[in-house]
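Here's the structure we're looking at; comments come further down.
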Amino acid sequence: MRNKKEKIARFGIATKGAVYCLVGGLATMTAFNLGGEKTGVVGSLEYLSDQPFGQILLGAISLGLLGFVFWLFYVAFKDPENNRKGVKMVIKRVGYFVSALFHAFVVYSALKLALTSSKSGSGGGDGQESLMQDLLNQPYGRILTGFIAVVILGKGIYDIYLAYSGKFRKKVKNAQLDYGTRKYIVETGKVGYTARDIVIAIIAYLTLKVAFTANPEGSGGTGDALTFLQNEMGSVVVAIIAIGLIAYGVFMFVIARYSRIAI
C-alpha cells in the first residue's frame, strides 16, 4: 500500500511540473512576441484543451493532479514528515491544506474542460475570482481572505528558506547522480523556487488587496501576477520569471524521480 501511495504522489508531483512548464512556456512565448499568453494554471489547461489530443492530455493531467491533491491532504493531516510542534509546523500543514484546496479546484477545472470542452476565455481568472467572491460573501469573508493571503505568503517565504538554507539539497542528495549534475539540479531548483515565490508573493499581495477592498477583480492567481509584473516592470522581467517557472517545473520532475516522499 505504501508503494502505491508513493507512486501516486510521484506521478502527481511530476504532473505539477508539467503544468508549470506549460505556464512558463506560454508566458515566455508572450514575452518574446511568439504567441502564447500570460495565464495561470487553469488558463494553461484551457490552452491545452485546444491542442490535438487535448482532451486526452487533460484527462492525464486531471489524474496526476488528483494524486497530488491526495498527497497534500495526507501530509497536511497525517504529518508523515514528523514536523516539530510550533508555528513553523502549523504554517507548513496549513500551507499543504490550502495548496490541496487550490489543486482540487484545478482538477475540477481540468475535468470540466476534458468532459465538456467549455472555455471561459479568460485565462482561468474568472473562475478563481468567482470563488473569491463566494468567500467574501461568507461571514468574516474578508478576514478569511486576509488569512489565506498570509498563509500563501508564509508558504512562499518557507520555500525560499528551504532553497537557500542548504536543506534544499536534501531533496536530491540520495539521487544516483554525479556531483556536477546534482549541483546543476540544485541551482535549477533555486532559480525555479525563486521565480515561483516571486509570483506567490504577488498573489499574496493581490489577495490581501481583495481582503481590504472586498473587490475580487484581478485576483485570479498566476496569470494576474504575471500581468501585474508586465504592467509594473515590463516584458523582460516577465520573461525572466517565466523561464524561472519552467525551471521550477523541471525541478519538480527531478523531485518526482529522486526525492524521498513522505508517506
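Checking the conditions here, which among Leu57, Leu65 is within 12 Å of His103 (Cα to Cα) and not polar (S, T, N, Q)?
Numbers: Leu57 fails: within 12 Å of His103 (Cα to Cα).
Result of the check over Leu57, Leu65: Leu65.
Say we look at segment 110-163 and pick out the residues that are under 18 Å from the mean Cα position of the chain (by Cα) and outside any helix (DSSP H, G or I); which of these is modelled with the lowest pLDDT?
Filtering first and then ranking leaves Gly123.
The values are calculated or read from the model by the stated rules, or taken from the named source; none is laboratory data. Since this is a predicted model, take the numbers as computed values, not measurements.
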